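What follows is a single structure, written as structure tokens, with notes after it.
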Amino acid sequence: MGNDYFNSEFFAANRQKLRELFTGTAPIVITANGLLQRTGDSTYPFQQDANFWYLTGIDEPDILLVIDREKEYLVVASREHVRAAFDGEIDTVSLQRRSGIRHVVDETEGWRQLNNRLRRAKHVATLAAAPAYIEQHGLYTNPARARLIERMKQVNEDIELLDLIKHLTKLRMVKQPEELLAIQAAIDVTIAGLKAITKPRVLKNYAHEYEIEADLTRLFRRGGAVGHAFEPIVASGERACVLHNVANSGQLASGELLVLDVGAEVQHYAADVTRTISLGKPNRRQQTVYEAVFEVQEYAKSLLRPGVIMRDYEGQVEHFMGEKLRELGLIKSIEHDEVRRWYPHATSHHLGLSVHDAADYTVPLAEGMVLTVEPGIYIPAEGIGVRIEDDVVITKKGVRVLSKRLPRVLA
């Protein structure tokens with residue numbers, strides 16, 4: 001699938017950086033994700049915990065990483081015969097080569113070693129388990145971390161948990177050269193796909209949104225990606241005013257605007273690019289709204305540089321968007337609630353191993369951070385939804401636009 005941007009030295013260096021940030025003497029124990037049931041005995045496609053992958057490069061479920069001072073080892077869960085026949089045996093040699101961790105032990109031996117350490121320890125460093133259900137997003141979380149914590153507490157009920165999330169977030173926010181190469185590769189695949197399907201002679205042959213989604217899937221895989229980094233959004237007309245409209249089942253109609261918010265995934269790293277195009281010649285109102293979003297995006301990019309605090313940046317962009325909304329006749333005064341009625345989302349988020357990547361938004365921006373810049377205006381009553389999104393990396397004096405090869409034109 002093209003170049004491999006990561007080797008065992010990358011993952012070993014990440015583990016060493018974590019050791020240096022975590023100055024305590026407690027053992028570090030981090031789990032891979034587990035498989036999630038889809039129906040009966042079938043599972044959803046496996047998605048590795050991003051932090052576990054960042055430290056090991058391993059894509060298998062149910063594995064533990066243990067770092068205890070200079071000692072480190074992997075604990076591999078045993079597979080009973082039937083599962084091994086269907087899913088295959090774990091190749092410990094490949095785990096060693098990929099991660100750079102020499103010691104790989106089975107579950108019995110691994111937990112024997114770990115139990116001996118946990119019984120004598122006052123603290124253990126791990127990643128805190130998320131709630132089983134996150135109300136805000138309406139989703140259930142992977143139970144692997146909670147299961148690990150429960151098992152460690154069974155060994156030593158008095159042991160205190162130290163959460164490593166701040167350390168790993170700090171490491172992941174600034175991208176290393178290998179990560180930037182993978183992100184750029186994902187963006188390049190995304191751009192190629194979008195260019196191919198938005199050619200006028202190609203676009204006119206689509207009757208439904210799902211046809212575009214299907215062709216993008218094919219083009220992403222052919223281009224070297226594993227597929228989509230997130231559920232693609234192909235939404236036209238009023239459907240484009242629902243920000244995460246992932247049904248992609250609507251019929252395309254001449255005269256409407258089409259929002260394409262998509263991103264390929266290459267070696268776990270995501271692209272996230274949005275273009276709004278016109279299905280036919282845009283009318284004056286559509287063009288005016290589009291130009292307003294374009295100007296807001298240009299303004300937002302001009303603000304980004306090392307030292308910027310995201311809350312201040314978002315406030316500045318919100319005010320500028322308010323000026324544009326007032327010019328469009330959508331609001332009379334620039335007030336937060338009024339602006340957010342037509343522009344209900346943030347302008348930027350971090351991008352990397354996750355499409356909304358690990359980040360502390362109170363930390364000033366620094367060189368090497370990768371962000372999206374994605375203003376939008378949504379007017380359901382007029383059937384107009386416009387969003388323009390590019391991916392940028394923070395440089396010494398501003399930003400470099402990683403997705404600049406994809407034109408930003410409405411028609």
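The values are calculated or read from the model by the stated rules, or taken from the named source; none is laboratory data. Remember, it's a predicted structure, so these values are computed and weren't measured experimentally. Virtual Cβ from ideal backbone geometry, glycine too; neighbours counted across all protein chains shown.
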Note: among 330, 258, just one is more than 24 Å from residue 367 (Cβ to Cβ), touching a Leu at 6+ places or on another chain (Cβ under 6 Å) and surrounded by 14 or more Cβ atoms within 10 Å (Cβ to Cβ), namely 258
Do we have residue 90 as crowded, with 17+ Cβ neighbours inside 10 Å, part of a loop (DSSP other than H, G, I, E, B) and modelled with pLDDT under 95 here? yes
Report task. Check whether at least one residue in the stretch 126-137 is at pLDDT 95 or above, over 20 Å from the mean Cα position of the chain (by Cα) and either within 27 Å of residue 9 (Cβ to Cβ) or in the same structural domain as residue 24 (by TED's automatic domain parsing) (or both), and report yes or no. Result -> yes
With the condition kept exactly as written, say whether any residue in the stretch 170-188 is exposed (fewer than 14 other Cβ atoms within 10 Å of the Cβ) and within 17 Å of the chain's Cα centre (by Cα).
no
When every residue in the stretch 148-169 that is out of contact with any Lys or Arg (no Cβ under 9 Å at 6 or more places or on another chain) and farther than 21 Å from residue 56 by Cβ is compared, the one surrounded by the fewest Cβ atoms within 10 Å (Cβ to Cβ) is 157
Restricted to the stretch 93-133 and to residues being surrounded by 14 or more Cβ atoms within 10 Å (Cβ to Cβ) and of a type in the set (Ser, Thr, Tyr), the residue nearest to residue 143 (Cα to Cα) is 126
Result of the Cβ filter at 8 Å on the stretch 311-336, keeping first residues that are of a type in the set (Gly, Ala, Ser) and partners that are not in a loop (DSSP other than H, G, I, E, B), at least 6 apart or interchain, is 322/338; 322/339; 333/326
The residue from 306, 282 that alone is in a loop (DSSP other than H, G, I, E, B), within 24 Å of residue 395 (Cα to Cα) and assigned by TED's automatic domain parsing to the domain that holds residue 209 is 306
Scanning the stretch 19-39 for residues that are crowded, with 17+ Cβ neighbours inside 10 Å, in contact with a Phe, Trp or Tyr (Cβ under 9 Å, 6 or more places away or on another chain) and not in a loop (DSSP other than H, G, I, E, B) gives 28, 30, 31
Expected single match for within 16 Å of the chain's Cα centre (by Cα) and either in contact (Cβ under 8 Å) with a residue 12 or more places away in the chain or under 19 Å from residue 195 (Cβ atoms) (or both) among 399, 370 is 370
Requested in this report: Would you check if there is a residue in the stretch 194-207 being in contact (Cβ under 8 Å) with a residue 40 or more places away in the chain, touching a strand residue (DSSP E or B) at 6+ places or on another chain (Cβ under 7 Å) and surrounded by fewer than 16 Cβ atoms within 10 Å (Cβ to Cβ)?
Outcome: yes
Per the filter on the stretch 361-386, residues surrounded by fewer than 21 Cβ atoms within 10 Å (Cβ to Cβ) and of a type in the set (Gly, Ala, Ser) are 366, 368, 381, 383
ask   = Among the residues of the stretch 48-65, is any assigned to a loop (DSSP other than H, G, I, E, B), small (Gly, Ala, Ser), crowded, with 20+ Cβ neighbours inside 10 Å and at pLDDT 95 or above?
value = yes
